[in-house]
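The values are calculated or read from the model by the stated rules, or taken from the named source; none is laboratory data. What you see is a predicted model; the values in this text were computed from it and never measured. We place every Cβ from the backbone using ideal geometry, glycine too, and count neighbours over all the protein chains shown.
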Amino acid sequence: MKRICVIDGQGGRIGATIISSLRICYREAIEISALGTNSVATAQMLKAGANRGATGENPVVRTVPNVDLILGPIAITWPNAMMGEVSSLMAEAITSSPAPKVLIPLHRESIFLVGASTEPLPHLIDTLLGQYTKEILKDV
């Protein structure tokens, strides 16, 4: 069984949308860990169908080295992003994980990603599932 980690912060809307879409596509054939930078984000992702969830820096640091795939907004790789919810240790652990990372270019930081899609979230989730995770999860 493939282990997928979905990481999100603030209100958890992006992570919850990713998890809901994963459940529609893969049902119970995958194990989803929801890692929130705060308890609201974690609760929203659990409500969306994650198998388990945890909140904060230590769960992120301890979980990401042992998963098959990491999904979330691009800001999870930036120290101090999401109004400071992403610590330097979290960003380092995520980017250093051997797992492939499929990140959505949505953020509220004052960083501009030239060439990044301006599609709405549902379209980005469709692309995430159809184009990227499909290849990584082909055995499921």
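Computed values, structure above
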read-out: Answer from G56, G84 - the residue that is among the small types (G, A, S), in contact with a helix residue (DSSP H, G or I) (Cβ under 9 Å, 6 or more places away or on another chain) and without any contact (Cβ under 8 Å) to a residue 60 or more places away in the chain; value: G56
read-out: Exclusive hit being in contact (Cβ under 8 Å) with a residue 24 or more places away in the chain, surrounded by fewer than 21 Cβ atoms within 10 Å (Cβ to Cβ) and at negative phi, set L35, L89, L46, L71; value: L89
read-out: L129 being in contact with a helix residue (DSSP H, G or I) (Cβ under 6 Å, 6 or more places away or on another chain) and either of a type in the set (G, A, S) or under 24 Å from I24 (Cα atoms) (or both); value: yes
read-out: One residue from I111, I94, I125, I136 being under 12 Å from the mean Cα position of the chain (by Cα) and more than 12 Å from C5 (Cα to Cα); value: I125
read-out: Residues satisfying the stated conditions in region 11-32, i.e. surrounded by fewer than 16 Cβ atoms within 10 Å (Cβ to Cβ) and part of a loop (DSSP other than H, G, I, E, B); value: G11, R27, E28, A29
read-out: Of all residues in region 92-119 being modelled with pLDDT of 90 or more and surrounded by fewer than 12 Cβ atoms within 10 Å (Cβ to Cβ), the one that is farthest from I32 (Cα to Cα); value: S96
read-out: Any chance P65 is within 25 Å of V140 (Cβ to Cβ) and assigned to a helix (DSSP H, G or I); value: yes
